1. Using beta carbons and a limit of 8 Å, which pairs, at least six apart or on different chains, have the first residue in the stretch 369-384 and under 12 Å from ALA345 (Cα atoms) and in contact (Cβ under 8 Å) with a residue 24 or more places away in the chain and the second one open to solvent by 40 Å² or more (accessible area, probe 1.4 Å) and outside any helix (DSSP H, G or I)?
2. Of everything in the stretch 200-214 that's part of a loop (DSSP other than H, G, I, E, B) and either over 26 Å from the mean Cα position of the chain (by Cα) or β-branched (Val, Ile, Thr) (or both), which residue is farthest from PHE326 (Cα to Cα)?
3. Could you tell me which numbered condition TYR79 fails, if it satisfies all but one of (1) open to solvent by 20 Å² or more (accessible area, probe 1.4 Å); (2) closer than 21 Å to TRP157 by Cβ?
4. Of all residues in the stretch 365-403, how many are open to solvent by less than 30 Å² (accessible area, probe 1.4 Å), closer than 26 Å to ALA437 by Cβ and of a type in the set (Ser, Thr, Tyr)?
5. Do we have GLY298 as part of a helix (DSSP H, G or I), open to solvent by less than 60 Å² (accessible area, probe 1.4 Å) and modelled with pLDDT of 90 or more here?
6. Kindly establish whether LEU335 is under 17 Å from PRO230 (Cα atoms), part of a helix (DSSP H, G or I), among the hydrophobic types (A, V, I, L, M, F, W, C) and open to solvent by 90 Å² or more (accessible area, probe 1.4 Å).
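The values are calculated or read from the model by the stated rules, or taken from the named source; none is laboratory data. Quick caveat, the model's predicted, so the values are computed rather than measured. Cβ placement follows ideal geometry from the backbone for every residue including glycine, while neighbour counts extend to all protein chains displayed. Protein only, heavy atoms only, side chains kept; ligands, DNA and RNA dropped before computing areas. Shrake-Rupley method; radii C 1.70, N 1.55, O 1.52, S 1.80 Å.
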Amino acid sequence: MLTPSTGFIALLVGALILVGMVEVFAPLLVGTVIPSTSVTRQAASMATALITGLLFLALLLYLRCDEILAVTVALVHLYLDFYMSLIATAQLLALTLLLVFFLGRSQQRPWVEPRPLWLWLLFLGLTFFPALRGAINLDDALFYYPNIIVGSFLFFWLGLNTARNLKSLWLILEFLAAVGALIAVHTIVIALTGKFLLGTSLHDPFLKSVSNFTLGDTGVQRVGGFFIDPNWNGTFFAFVLFIPLGLYAHSRSWLARLLYLGEALVIGPALLFTFSGGAWVAACCGLVFFLLFVDSWGLRLQILLSIFLVSLILILFFSDQLQLLFAHLTGQGELSLRLGAWETALNVIMAYPLTGVGFGLSIYMQDSAPYRSPLQYVPLAHPHDSYLEFGAMGGLPVLAAFLSLLICYLWKAWCTWRLCDQRQRALLAGGLAAVGALCINSISINGWTLPPLACFGWLMLGLLSSPLLLASLASHSATRDAPVSLHE
C-alpha cells in the first residue's frame, strides 16, 4: 500500500531535480525577454511557483487522487514544458509518479508494465541515433528525444497504471473533458476580447514573424492559445471534443448530460476560432468513429441531434467565422503548399530510406532543401505530417516501429471495448474517437510529433489499453455471467 513516507521520498527527489532545472534553465529562458538585472528575481519566483506546485502534487498523492495527478502532469507538459519552454518538467513528474506507483503497489493498487515491452525498447533504440544526428543545436536536442520519444513512453505507461478499473477511467475522462472545456473558454476569450490569460512574451517574435496568424486582409487572427499555433490548438479540440460526448452517452443522469453537452458546445466554437481545416476534417472523421463505437441506435440518434444543435448554433451565431474558414480552406496556395510539403518528405525518404536525416527541425530544413517539391514555395522545418516526419527524420524502420506501436495498442483498446457492455462501450467510444481524430489530423499536421498533443494521445491510449482495466472488466463480466446457486 502507498504510504505517506513513500510519496514524500519520491516527491522530494522530484523537487530536488526540478529546482535544479530551474536554477539552470530559468536564467536562459527568462533572460531573453526580461532585463538581466531582474533575471535572479524572476528565477526565484519561478522556483517558488514550482515548489508550491510540488506541494500540491504531494497533497494529491497523499489523498491518492491518481486521476487528477495524471491530468495535472499533462497540463504541466502543455503549459510549463511547451508554452513556457521549461523542457522536461512533466517527464520528471511522470517518472516520479511511476516510481511512487511501483513502490506502493498492492492488491488494491496493482502495477503493470507496457506490453510488449520489446516493441517500446525497439522504438526507443531506433530513434536514439537519428536524434543524436539531428541534434545540431540545444533546442532540437531537447525537442525530439526527451519530449516526443521518451515522453510518449512515460505518458503511455502512466495511463496504463492510472486506469485500474472503469471508475478510474470515468474519473480521468471527466477531468480531461473539464480541462478541454476550460482551454476552449480561454480560446474563445482570446478570440472575442484579445486578452490572453496566463500569457507570456516568449513567443512574441515568432507570432510577429507569422503576422499573428492573421487571415489575409480581414484582420481576423486565428487563435493558438497555449498551443501557440492555431493548427495545434485545433488538433487538441478535435481530440478532446469526443470525450464529453462519450461521457454524455455513458451517463444516466440528465443533469450530468447537460453538463457534458455544455462542454461539447463550448469546444465546438473554440475549434472554429482556430480556423484549422485539418482539425475540422479530423473532427468529422472522429464523429464517424464515435457513432460506430457507441453501439446503440438510440444514443447515436441523440448524438446526431446534439451535433445538429452545435451546427445550428455555429450557423446562427458564427456565420462570419464559417465563411472565413471556408475562404481559408480554399485560399490560393493552402492545399498546394501542404501537398508540396508531403512530396518533399517523400523525396527525403527515398534519399534516406533507412536512416532519415535526423530528428531536428533545423537539420530537416537544411537537408530537405535539395529535395524540395516545386509546390513547396517556402522552406519548412517539418513535413506537416507526423507519419512522414518519422519516416523522413528517422527512416522507414522508425516509422514501422511507430505504426506497430499505434496499431498494437489500438487493437488492445478495441479488445477492451469488445468486452464491455453497451453502456460501458459508450464511455470508451469517446476515447477511441479522440485517438482516431488525432490519427487523422496527424496527416495534415504534426499531431503525434508535437510534445503536448503526443502526451494527450499516448496517455489516452494507455488508459484505453490498460491490462488493469481489461482484467477488471473481465472479472466483472465473469461475475455477472456466473450461474446463481439455488441455495444462495
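1. Listed by first residue and then by second, the contacts come to ARG372/PRO379.
2. THR200
3. Answer for TYR79: the failing condition is (2).
4. Number of matching residues: 1.
5. No, not satisfied.
6. yes
To keep it simple, each residue is scored yes or no on (1) modelled with pLDDT of 95 or more; (2) open to solvent by less than 10 Å² (accessible area, probe 1.4 Å); (3) closer than 30 Å to ILE149 by Cα.
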| residue | (1), (2), (3) |
| --- | --- |
| ASN446 | no, yes, yes |
| LEU459 | yes, yes, yes |
| GLY462 | yes, yes, yes |
| LEU470 | no, no, yes |
| ALA474 | no, no, no |
| ARG480 | no, no, no |
| PRO483 | no, no, no |
| LEU486 | no, no, no |
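Quick grid of which residues meet (1) part of a helix (DSSP H, G or I); (2) within 16 Å of the chain's Cα centre (by Cα); (3) of a type in the set (Lys, Arg); (4) at positive phi:
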position	(1), (2), (3), (4)
HIS384	no, no, no, yes
LEU406	yes, yes, no, no
TRP414	yes, no, no, no
ALA437	yes, yes, no, no
